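Please read the structure below before turning to the comments.
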Amino acid sequence: MKEVRIGLVGAGWMGKAHTNSFANALMLFGPESGKPVFEVVADVNVEAAKLACEKFGFSRWAENWQEVVTDPQV
């Protein structure tokens, strides 16, 4: 099964909603949607990024969106 490596910008309410949606995509849409791999989460609030990283299972966190969009792992 292919992997979909996720880079998330924003760890607030909408970031939580998107993370939940990615986590449930496999169950809802089947294996053709790919398995989500939570790679990196960024937020201007570093503490929010750290908390989202820990709470939602991202591999790491970043301080700005540029790190996410240029990350070769995403």
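The values are calculated or read from the model by the stated rules, or taken from the named source; none is laboratory data. Quick caveat: nothing in here was measured; it's all calculated off a predicted structure. A quick note on method: Cβ atoms are made from the backbone with ideal geometry, for glycine too, and the neighbour counts reach across all protein chains shown. Ligands, DNA and RNA are excluded from the accessible area calculation, which covers all protein heavy atoms including side chains. Shrake-Rupley method; radii C 1.70, N 1.55, O 1.52, S 1.80 Å.
For this structure, a couple of remarks:
- Selection from the stretch 56-66 of residues that are open to solvent by 80 Å² or more (accessible area, probe 1.4 Å) and part of a helix (DSSP H, G or I): 65, 66
- Residue count, the stretch 26-49 (criterion: over 12 Å from the mean Cα position of the chain (by Cα) and farther than 24 Å from residue 1 by Cα): 5
- Test: residue 3 is open to solvent by 100 Å² or more (accessible area, probe 1.4 Å) and touching a helix residue (DSSP H, G or I) at 6+ places or on another chain (Cβ under 8 Å): no
- Candidates 44, 9, 69, filtered to the one that is open to solvent by less than 90 Å² (accessible area, probe 1.4 Å) and modelled with pLDDT of 95 or more: 9
- Restricting attention to the stretch 12-25 and to residues that are more than 10 Å from the chain's Cα centre (by Cα) and among the small types (Gly, Ala, Ser), the residue that is surrounded by the most Cβ atoms within 10 Å (Cβ to Cβ) turns out to be 25.
- Reported count of residues in the stretch 1-29, each being outside any loop (DSSP other than H, G, I, E, B), touching a residue at least 40 places away in the same chain (Cβ under 8 Å) and closer than 22 Å to residue 47 by Cβ, is 5.
- For residue 49, the stated conditions hold: it is in a helix (DSSP H, G or I), open to solvent by less than 100 Å² (accessible area, probe 1.4 Å) and modelled with pLDDT of 95 or more.
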